[in-house]
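Structure record follows, encoded as structure tokens.
The values are calculated or read from the model by the stated rules, or taken from the named source; none is laboratory data. This one's a predicted model, so the numbers in the text were calculated from it and none came from an experiment. Reconstructed Cβ throughout: ideal geometry from the backbone, glycine too, with neighbour counts over all protein chains shown. Heads up: the accessible areas ignore ligands, DNA and RNA and are worked out on the full protein's heavy atoms, side chains in. Shrake-Rupley method; radii C 1.70, N 1.55, O 1.52, S 1.80 Å.
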Amino acid sequence: MTAGFLATTSHRTLLAGAIAILALVGCATPNPTRHSVPPVELANWLLKERIKQWSQSLVPGQLDAPLNARRIMLPEYPPEQLRQGIDGVVLVEFTIGTDGKVMAARSVRSPDDMLSVAALHAISQWEFDPPTKDGRPRTFLAQIPLEFRLGLR
């Protein structure tokens, strides 16, 4: 019984000491400043990550290596569509040239013409590492859904 009491007392002493040290360390360091990420920046970051994942998931067997996006321009939400609450997904089909630049793009499906224009304008500026098959440059046809969501902006 005495040994159990001593062990418990030792544990309590160690715990109290650890708490005191943590309290002192906490007092010595300034409170961390919390930074909130604006919704637009968060939405843009998420969209860029989705595009990177999309580009790397393409082409098993069609190209020597997955596509690697070098430059991604995000579409700008058209102000009038934003004001009217118009959102949705624009499905864009585009051709990547042997130099890695987008040669042509078209909207396959869209809830609104102006959302299509914004998506096409952005994609026309994208660049990739040049696609190759069997070590030779080639063009590549791809599709991507671009989401315009009011809740994320």
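As a summary of the residue check, Arg106 satisfies the conditions (1) touching a residue at least 24 places away in the same chain (Cβ under 8 Å); (2) farther than 15 Å from Ile51 by Cβ; (3) open to solvent by 60 Å² or more (accessible area, probe 1.4 Å) except for the one numbered (1).
Yes/no matrix, rows are residues, columns are (1) open to solvent by 40 Å² or more (accessible area, probe 1.4 Å); (2) more than 21 Å from Lys48 (Cα to Cα); (3) in contact with an Asp or Glu (Cβ under 6 Å, 6 or more places away or on another chain):
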| residue | (1), (2), (3) |
| --- | --- |
| Leu63 | no, yes, no |
| Arg70 | yes, no, yes |
| Pro111 | yes, yes, no |
| His121 | yes, no, no |
| Arg138 | yes, yes, no |
| Ala142 | no, no, no |
| Glu147 | yes, no, no |
| Leu150 | yes, no, yes |
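Could you please let me know if Asp99 is among the acidic types (Asp, Glu), open to solvent by less than 70 Å² (accessible area, probe 1.4 Å) and farther than 16 Å from Lys48 by Cα? No, not satisfied. Checked against the criterion of being in a loop (DSSP other than H, G, I, E, B), modelled with pLDDT under 80, open to solvent by less than 80 Å² (accessible area, probe 1.4 Å) and of a type in the set (Val, Ile, Thr), the candidates Val40, Val59 yield just one match: Val59.
If I go through segment 69-85 residue by residue, how many of them are under 17 Å from Leu47 (Cβ atoms) and either of a type outside the set (S, T, N, Q) or touching a Ser or Thr at 6+ places or on another chain (Cβ under 9 Å) (or both)?
Going residue by residue through segment 69-85, those that are under 17 Å from Leu47 (Cβ atoms) are 69-78, 81-82.
The next check asks that each one be either of a type outside the set (S, T, N, Q) or touching a Ser or Thr at 6+ places or on another chain (Cβ under 9 Å) (or both); those that pass are 69-78, 82.
Number of matching residues: 11.
For segment 130-150, a residue qualifies if it is touching a helix residue (DSSP H, G or I) at 6+ places or on another chain (Cβ under 6 Å) and in a helix (DSSP H, G or I), but none of them does.
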